Amino acid sequence: MRRHAKFVVGGAVIAAALGYMIYAGVTQSAVYFVTPSELRAAPVAGKAYRLGGMVEAGSLRWEPRTLDLSFALGDGKTTVPVRHKGSPPDLFGERRGAVVEGSWTAEGYFKASLILAKHSEEYKAPHDGGQPGYKELMRTLKSDGR
Amino acid sequence: MTRRPVRWLLPLSVVPLLALLAYGFRVNPHEIPSPLVGRPAPGFALQTFEGAPFALEAQRGKVVVLNFWASWCRPACYEEAPVLERQWRTYRERGLVVIGVDIQDRDEAARTFVREFGLSFPNGRDTAGKVSVDYGVYGVPETFFIDRQGRIRAKHVGAVTDEAFRTNVEKLLADTTG
Amino acid sequence: MIPEIGGAAAMVALALAVWGAVAAAVGTRTGRPALVLSAQHAALGVFVLVTACFALLTYAFLTFDFSLRYVAINTNLGTPFYYRITAVWGALEGSIILWAWMLSLYTLIVILRHRESAQELYPWVLTVMLAVMAFFLLVITVAAPPFERLAPVPADGRGLNPLLEDTGMITHPVALYLGFTGLTVPFAFALAALISGRVGDAWITMTRRWTIIAWYFLSLGLLIGGWWSYHVLGWGGYWAWDPVENAAFMPWLTATALLHSVMIQERRRMLKLWNLSLVILTFGLTLFGTFLTRSGVIASVHAFTQGSIGVFFLSFLALVLFTALGLLAWRWDALRAQGALDSILSRESAFLLNNVLLVAAAFTVFFGTVFPLLSEAVRGVKVSVGAPFFNQVNVPLFLALMFLMGVGPLIAWRRASLDSLRRNFVWPVALGALSAAPFFALGVRGAVALLAFVLTVFVAATISVDFVRATRARKRMGERVLPAMGGLLLRHNRRYGGFVVHLGILIVALGVTGSQAWSVQTETTLRRGEAVELAGYRVRFEGLSASEESNHFKVTGAFTVSNGRAVGVLQPAKKFYPQETSPIAGVDYRLGLREDVYLVLGDFAQDGSQATVKLQVNRLVSWIWIGGAVLTLGAMLAILPERKKPA
């Protein structure tokens, strides 16, 4: 009987410790999915978000030398300015859906640490691989000689 | 003493988990919440393969199904073409307009596609690429369901099924306030 | 023709599997061996038919038969020959055929191995394996038929996902599936034991080797998956705690626990209920894993597809869990332990703690994976937990497990006396503690990294202590050193195989620690002739070139790399596939023992005058793959047939 008690107590201690670790882990790394409207309604500076929306036409700025990428994500009702350091991922462009992960800054823009992309099997894309005139690109590169 | 009922907790304990996993089925991935939904459909005009003009603004008062396709889009566009034709024939009497817009394609290949499937609803090429940009078309096929007031009410990504077509169209046809 | 024959073969196989499952069960209940024999023949028939399906599908791929929808989606006229073969299992329908084929192969081997030796259990094992087989065949015939026709027949197919055009694609699914399907065997034996009432130790001794083999393939599959992620996906990492990755990791964790707890049941006749539950849990996690990857219930970067298939898998999972746990509840009374835990300081205790930690880790991974679903169901808010959660909770668990790797094999059974503790552990503990200072001096500053290194020294020392002591004992009996060592390895291959596997895991852990703690990266845009420096490496952009491959266009960048002396030219590329929305990054790298130089080509100017690159110097990553090789050797040693000691 006493042996059993030792097991039960030991088991409870371990379960409690694990529970605490999980709780701490979750609260520290939880990331909330929001739309631009939801974010605008109640932005919390420093909180981790995943923001999904459409990249507004005319908002995309990419500076290769400084690696500054900025654009606006909208959902038809509001837009959120987003800034990211690093080259845009391949599945990214104006008038396309995008999901970014990062946090809202006190300066009034969303700082994206990650831009996420999703592949779909049943969905087929334009011939040009999403980039205008890539055949021209091939031709210029080939004639470039290298 | 309490051993007998306690043991049956074991198989019962998985019920909440299974319920949770079943809950995950509720989301339908083909109904993309597009920011365009609820907004006025961008107007456009094009010439069909028969040479007739088509303008979206002229369709006000009717329910419009706008389908973006291409002849190289396999197999999805090939699967939905018969569906579109079939549903078009069913609903045309009730004031439905189906318009197919062919994007980034070659004229001959597109005409062959239309001929092969015997498509009787108007189809035309988006020669300047403007229409697909205005609708934020990302890939093919994409289908937009536009109501009588000219607002986009739903966007379907991937091959349209009879079921999806019917559900969306019936809802919009029932709305006779336009 | 092919679609019709293939479809028919699958249906006949399904019928045979159902017949076999029923026949074996009825045959053993009513004492009619003829029925059991008939079930055996049915299993053979299933194997032949599924092999035929597989062969027909492969043939369709090799001959560009685009009248099959599955072929049209996954290849096009430009797909290279060998990838046309691997494309067979590259998407949902084909992957189920691969699974079914392996299951039928395992069933056949089980028949050949056990039909004589496991009289009471054997028919029930057959029933369970054929029932599982029937489920997968049902999926093939109803939910995900690979032989569906496409009309009109397109002139060209869509093409294989370019990320899958890689050698990893040939081996990763194969290894992983061999692991998953292999876990069906211990499960079948467990259920057989419960149904027949023979819940003694026979079932577990018979399945020990099966568990090791399945576990090994699972480990291999996970490592290859990491390698594939590392050298193809272009983000410089090998593990992302993605739901699909977690789906394979969870059964691995519980299978590892099983490998250890088996030894306790063998020695002390304890933990019977625990072991049965563990086997059921492991198989359940396997099914959960396939459910996760195929149902789209949890969003993942590499989810396959949705549809009715999710419902199939969930229903089967429910059926399996209810049946298995119900049987367990029914046989509860017979599962009393015959031994008991005598002391906390004992091998039993160490192994038990090992199990608890592994199951805790599996639970953590599970919780983190379903958390988005849970939060949405409970609070209506979509929340996800990323890598930080998994790392934060699991790292302490894994460090504790590393410690146990050193303690477990050496500590005495039943009750370890203070004297034996001293004899076994004084050196390893001392060496471990002392090594902290030199590591610190070498630059290992982080607490976790330091602890990982110190524990590695500790465990390596315990293995040496054991090996040296055993060799010395043999020398005293007259053997010379080398034959003594060889003899030890062969005669006690289970033990030393296990040690080598532990060493392999330690090496993997070192690689993981190093890469997490000390890898660096930078991103920059270079004009032609410009260079970037990182961690002693200098990378200079030379220019771009374009080429046309069989099924894609490629833009390749040339970068000379040096670190004092010339390292070479790296050529990361961007591949443009007509059927893909966006270009696929091709990574180039130089692997090394101490570090890897890793380069990804990003944006570039159309005239080739400038390019944006991501440069990484990843430390100790190669040790992960080396650890995998060591693990392989250990597993092979452990599987060898036991040599009976003379007299």
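Please verify whether the stretch B:74-87 includes one or more residues that are in contact with a Gly (Cβ under 7 Å, 6 or more places away or on another chain), outside any helix (DSSP H, G or I) and at pLDDT 85 or above.
no
Can you tell me which of C:207, C:171 is crowded, with 22+ Cβ neighbours inside 10 Å, at pLDDT below 90, of a type in the set (Val, Ile, Thr) and over 10 Å from the mean Cα position of the chain (by Cα)?
On inspection, the qualifying residue turns out to be C:207.
Quick one: count up the residues across the stretch A:72-86 that are away from chain B (no Cβ under 14 Å) and open to solvent by less than 20 Å² (accessible area, probe 1.4 Å).
2
Can you tell me how many residues within the stretch B:143-154 are open to solvent by 20 Å² or more (accessible area, probe 1.4 Å) and assigned to a strand (DSSP E or B)?
2
Determine whether residue C:377 is under 18 Å from residue C:465 (Cα atoms) and either more than 11 Å from chain A (Cβ to nearest Cβ) or basic (Lys, Arg) (or both).
No; evaluated as a whole, the condition is false for this residue.
Starting from the stretch C:153-166, take each residue that is farther than 10 Å from residue C:74 by Cα and list its partners that are in a loop (DSSP other than H, G, I, E, B) and modelled with pLDDT under 75, counting only C-beta distances under 6 angstrom and pairs at least six apart or across chains.
Between residues of the stretch C:153-166 that are farther than 10 Å from residue C:74 by Cα and residues that are in a loop (DSSP other than H, G, I, E, B) and modelled with pLDDT under 75, the close pairs are C:154/B:74.
Which number in (1) within 10 Å of chain C (Cβ to nearest Cβ); (2) open to solvent by 50 Å² or more (accessible area, probe 1.4 Å); (3) touching a residue at least 24 places away in the same chain (Cβ under 8 Å) marks the one condition that residue A:46 misses?
Single failed check for residue A:46: (1).
Just to check your reading of the model, which residue among C:605, C:535, C:629 is open to solvent by less than 40 Å² (accessible area, probe 1.4 Å), out of contact with any Leu (no Cβ under 7 Å at 6 or more places or on another chain) and over 30 Å from residue B:73 (Cβ atoms)?
None of the others qualify; the one that does is C:605.
Can you confirm whether residue B:70 is within 16 Å of residue B:110 (Cα to Cα), under 16 Å from the mean Cα position of the chain (by Cα), at pLDDT below 90 and of a type in the set (Gly, Ala, Ser)?
Criteria met by residue B:70.
From the list C:236, C:225, exactly one residue is open to solvent by 10 Å² or more (accessible area, probe 1.4 Å) and outside any helix (DSSP H, G or I). Which is it?
Step by step, each of C:236, C:225 is checked, and only C:236 is open to solvent by 10 Å² or more (accessible area, probe 1.4 Å) and outside any helix (DSSP H, G or I).
Restrict the check to the stretch B:85-100 and report whether at least one residue is of a type in the set (S, T, N, Q) and within 11 Å of residue B:68 (Cβ to Cβ).
Scanning the stretch B:85-100, I find no residue that is of a type in the set (S, T, N, Q) and within 11 Å of residue B:68 (Cβ to Cβ), so the answer is no.
Take the stretch B:155-178 and flag every residue that is open to solvent by less than 60 Å² (accessible area, probe 1.4 Å), of a type outside the set (Val, Ile, Thr), more than 14 Å from every other protein chain (Cβ to nearest Cβ) and closer than 14 Å to residue B:65 by Cβ.
B:162, B:165, B:168, B:172, B:173
So residue C:349 ticks every box in (1) in contact with a Gly (Cβ under 7 Å, 6 or more places away or on another chain); (2) within 18 Å of residue C:272 (Cα to Cα) but one. Which box is left unticked?
Status for residue C:349: all satisfied but (1).
Evaluate the following for residue C:215: is it in contact (Cβ under 8 Å) with a residue 12 or more places away in the chain, part of a helix (DSSP H, G or I) and aromatic (Phe, Trp, Tyr)?
For residue C:215, the condition - in contact (Cβ under 8 Å) with a residue 12 or more places away in the chain, part of a helix (DSSP H, G or I) and aromatic (Phe, Trp, Tyr) - is met.
Hey, can you tell me all the residues within the stretch C:43-72 that are among the β-branched types (Val, Ile, Thr) and in contact (Cβ under 8 Å) with a residue 24 or more places away in the chain?
Result: C:46, C:50, C:51, C:58, C:71.
Given the options C:442, C:401, C:418, C:434, name the one that is among the aliphatic types (A, V, I, L, M), at pLDDT 90 or above and open to solvent by 70 Å² or more (accessible area, probe 1.4 Å).
Step by step, each of C:442, C:401, C:418, C:434 is checked, and only C:434 is among the aliphatic types (A, V, I, L, M), at pLDDT 90 or above and open to solvent by 70 Å² or more (accessible area, probe 1.4 Å).
The values are calculated or read from the model by the stated rules, or taken from the named source; none is laboratory data. Bear in mind that the values here come from a model prediction, so they are computed numbers and not experimental data. Reconstructed Cβ throughout: ideal geometry from the backbone, glycine too, with neighbour counts over all protein chains shown. Heads up: the accessible areas ignore ligands, DNA and RNA and are worked out on the full protein's heavy atoms, side chains in. Shrake-Rupley method; radii C 1.70, N 1.55, O 1.52, S 1.80 Å.
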